[in-house]
Amino acid sequence: MADSGTETPSIAYKVFTFEDERKNARESLCVSIPEVLDPQFGMYVWPCAVVLAQYLWMHREELRGKKMLELSAGVSLPGVVAARCGAVVILSDAADRPACLENCRRSCEANDLSDVPVVGVSWGEISPDLVLLPELDVILGSDVFYDPEDFEDVLVTVFFLLRKNPKAEFWTTYQVRSADWSIEVLLHRWNLSCIEVQLDQFNADTPELAGSNLPGNHSIQMMKITLKTEDAGQKAIHRASP
Ligand SMILES: C[S@@+](CC[C@H](N)C(=O)[O-])C[C@H]1O[C@@H](n2cnc3c(N)ncnc32)[C@H](O)[C@@H]1O
């Protein structure tokens, strides 16, 4: 459903505190995410976003300078955490959802991120904004597989971006809402590979994360999706040839 984005929204700020006690010194990062009191999908933080943000936080030393696009960012918790950890981030949401794009901008403002571009990218649409995106290392997507009718369109966009950036990876968290849903056939159709990242590898296997009980008892999983190796290889050869 498209939104008009014309009404003044009622906003509440939710604070997430990511902590890491693996080293001698305790490190932490606090981000504040403005949520809109509205039943639409992209107006508040979803449990998957906290899990993906936790992954980014626990890998923060590898993020510095990485070029990242968050797809369907909504209120943008993962993208904001990545940017605060030194990644070069672009946020996006559906081009026909100005209120969601405004949420992305508001989240940046709330976290003193003045140089994060926000663009409209709609699943399955090869628009000028999508085509003109700069080079990327990582694409982020939290809770983008929530309606099976859209799964292929999401993967078409991911495939387009990975073909353009053959070494890039799509890091995505999803909530298991039905045991019948699977993207396996679609991954095969679009020549994509997938590995699962276990939540206990980044201390996300708990009902509470970053001071939030959003993950709760939801069954959340994380995947990294890449182009199938031979495709990545062909593209690399293609690029290297004169
Ligand atoms: C379940 S919410 C997840 C939001 C955010 N990533 C999170 O995890 O908190 C789904 C997101 O998909 C976006 N979305 C819906 N339809 C879309 C489309 N056709 N193209 C791109 N994004 C879309 C919504 O605006 C919303 O931000």
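Points worth noting:
- Some residue of the range 149-167 being among the acidic types (Asp, Glu), in contact (Cβ under 8 Å) with a residue 12 or more places away in the chain and part of a loop (DSSP other than H, G, I, E, B): no
- Residue match in the range 83-92 (condition: surrounded by fewer than 22 Cβ atoms within 10 Å (Cβ to Cβ) and within 10 Å of the ligand (Cβ to nearest atom)): no
- Leu133, sole failed condition from (1) farther than 23 Å from Met222 by Cβ; (2) within 8 Å of the ligand (Cβ to nearest atom); (3) in contact with a strand residue (DSSP E or B) (Cβ under 7 Å, 6 or more places away or on another chain): (2)
- Out of Ala99, Ala95, sole residue that is within 15 Å of the ligand (Cβ to nearest atom), of a type outside the set (Phe, Trp, Tyr) and part of a helix (DSSP H, G or I): Ala99
- Only residues that are touching an Asp or Glu at 6+ places or on another chain (Cβ under 9 Å) and farther than 15 Å from Ala204 by Cα were counted in the range 38-59, giving 7.
- Annotation note: Cβ proximity below 6 Å between a residue of the range 82-101 that is among the basic types (Lys, Arg) and a residue that is within 13 Å of the ligand (Cβ to nearest atom) and at pLDDT below 95 (sequence gap 6+ or interchain) occurs for Arg97/Asp3.
- Condition met for Ser127 (of a type in the set (Gly, Ala, Ser), within 13 Å of the ligand (Cβ to nearest atom), in contact with a Leu (Cβ under 6 Å, 6 or more places away or on another chain) and at pLDDT 95 or above): no
- Arg105, sole failed condition from (1) under 17 Å from the mean Cα position of the chain (by Cα); (2) of a type outside the set (Phe, Trp, Tyr); (3) within 13 Å of the ligand (Cβ to nearest atom): (3)
- Condition met for Pro215 (assigned to a loop (DSSP other than H, G, I, E, B) and either under 18 Å from the mean Cα position of the chain (by Cα) or surrounded by 19 or more Cβ atoms within 10 Å (Cβ to Cβ) (or both)): yes
- Scan of the range 27-81 for residues that are in a loop (DSSP other than H, G, I, E, B), at pLDDT 95 or above and away from the ligand (no atom under 12 Å from the Cβ), ordered by number: His59, Arg64, Gly65, Lys66
The values are calculated or read from the model by the stated rules, or taken from the named source; none is laboratory data. In this text, all values refer to a predicted model and were calculated from it rather than measured experimentally. Please note: Cβ atoms are built from the backbone with ideal geometry, for glycine as well, and neighbour counts cover all protein chains shown.
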